[in-house]
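So the structure is just underneath, and the comments pick up after that.
Bear in mind that the values in this text are calculations on the coordinates, not laboratory data. Note that the coordinates shown come from a computational prediction; the quantities given were computed from them, not determined experimentally. Methodologically, a virtual Cβ is constructed for each residue, glycine included, from the backbone with ideal geometry; neighbour enumeration extends over all protein chains shown.
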Amino acid sequence: NKNYQSLVVHQAERGVQLVQLNRPEALNALTTGLLEELSDVMDVAEASDDIRVLVLTGGSKAFAAGADINEMAERDLVGMLNDPRQQYWQRITRFSKPVIAAINGYCLGGGCELAMHADILIAGRDAQFGQPEINLGIMPGAGGTQRLLRAVGKSLTMQMVLTGQPINAQQAKDAGLISEITQPELTVTRALALAKVIASKGSLAVRLAKESILKGMDTDLATGLRFERHAFTVLAGTEDRKEGILAFKEKRQPNFSGR
Ligand code: CAA
């Protein structure tokens, strides 16, 4: 693995890479350098057959407390227009393999926006989710108004974005922002267990299923259903489909090849 400054990356389970945000001195505030490193991790993971699923985590006190405010303070309007961070956010958005966020502690601002780029979000009981940008005289700028809206609906999004006040893990679960709550010390373990299950499936089916679900988040039902049907049809040509059906008939576990 490469040496990163703001991340710790290692192969955790077969097919699963654990990526830990590692700027504890700043509660994992997202510098441009950190986002660049995360983009690089995704470039490598995208091209590697050995990496099927990413688990993204932070520390026990914070998943990430937002964009790095010190760095942001130095950017004026032209600086914002030329902001290289945009390309890194796009890279993260485009990543085709599943990402599971394992969240503990503060998950705020850009940190919450990063978490919402993940496909599955699970969190420790002590997690706090918020978009506090309004307290700085600004607003969310990396999808906070859009992804939160799609995840939890209008009223709670308005409440969080306009007051800047965070919600706890239970509220996040009730609202559908996260899918499970764990004991804080077991969040990563649980995420790795889910990742291991996903990594054992046919990778083409996983990729197309992810794409189909994401498509459904920003299109009308008829278009989404058509996309789903095409993806489903394409999978009829894979080795993995033959293997999956054969294994079922032979009453054994399938051994998927990703072909
Ligand atoms: N950027 C830079 N540094 C940060 C940071 C951030 N977002 N959040 C925390 N830190 C730093 C603190 O400055 C502090 O550093 P020093 O020890 O050098 O002073 C260190 O991390 C520890 O933080 P605190 O001492 O503040 O810890 P706390 O437990 O007292 O408070 C907190 C925790 C409530 C999360 C508080 O740190 C906080 O409010 N952080 C800012 C949260 C925020 O506003 N995030 C939104 C950023 S804007 C954004 O994200 C824009 C976007 O959408 C793209």
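Number of residues in the range 65-99 that are over 17 Å from residue 43 (Cα atoms) and in contact with an Asp or Glu (Cβ under 9 Å, 6 or more places away or on another chain): the value is 3. Across the range 147-159, a minimum of one residue is classified as part of a helix (DSSP H, G or I) and within 12 Å of the ligand (Cβ to nearest atom). Assess whether residue 85 counts as being charged (D, E, K, R) and touching a Leu at 6+ places or on another chain (Cβ under 6 Å). Criteria met by residue 85.
When residue 206 is tested against (1) in contact with a Gly (Cβ under 7 Å, 6 or more places away or on another chain); (2) in contact (Cβ under 8 Å) with a residue 24 or more places away in the chain, just one condition goes unmet, and that condition is (1).
Of the residues making up the range 147-173, those that are over 15 Å from residue 132 (Cα atoms), surrounded by 14 or more Cβ atoms within 10 Å (Cβ to Cβ) and out of contact with any helix residue (DSSP H, G or I) (no Cβ under 6 Å at 6 or more places or on another chain) are 151, 169, 171, 172, 173. Annotation: of all residues in the range 41-53 being touching a residue at least 24 places away in the same chain (Cβ under 8 Å) and out of contact with any helix residue (DSSP H, G or I) (no Cβ under 9 Å at 6 or more places or on another chain), the one that is farthest from the ligand (Cβ to nearest atom) is 50.
Filtering the range 76-98 to residues that are away from the ligand (no atom under 16 Å from the Cβ) and either surrounded by fewer than 22 Cβ atoms within 10 Å (Cβ to Cβ) or in a helix (DSSP H, G or I) (or both) leaves 78, 94, 95, 96, 97.
Listed conditions (1) out of contact with any strand residue (DSSP E or B) (no Cβ under 8 Å at 6 or more places or on another chain); (2) part of a helix (DSSP H, G or I); (3) crowded, with 20+ Cβ neighbours inside 10 Å are all met by residue 114, apart from (1). Residue selection: residue 138 satisfies the criterion of being part of a loop (DSSP other than H, G, I, E, B), within 16 Å of the ligand (Cβ to nearest atom) and more than 16 Å from the chain's Cα centre (by Cα).
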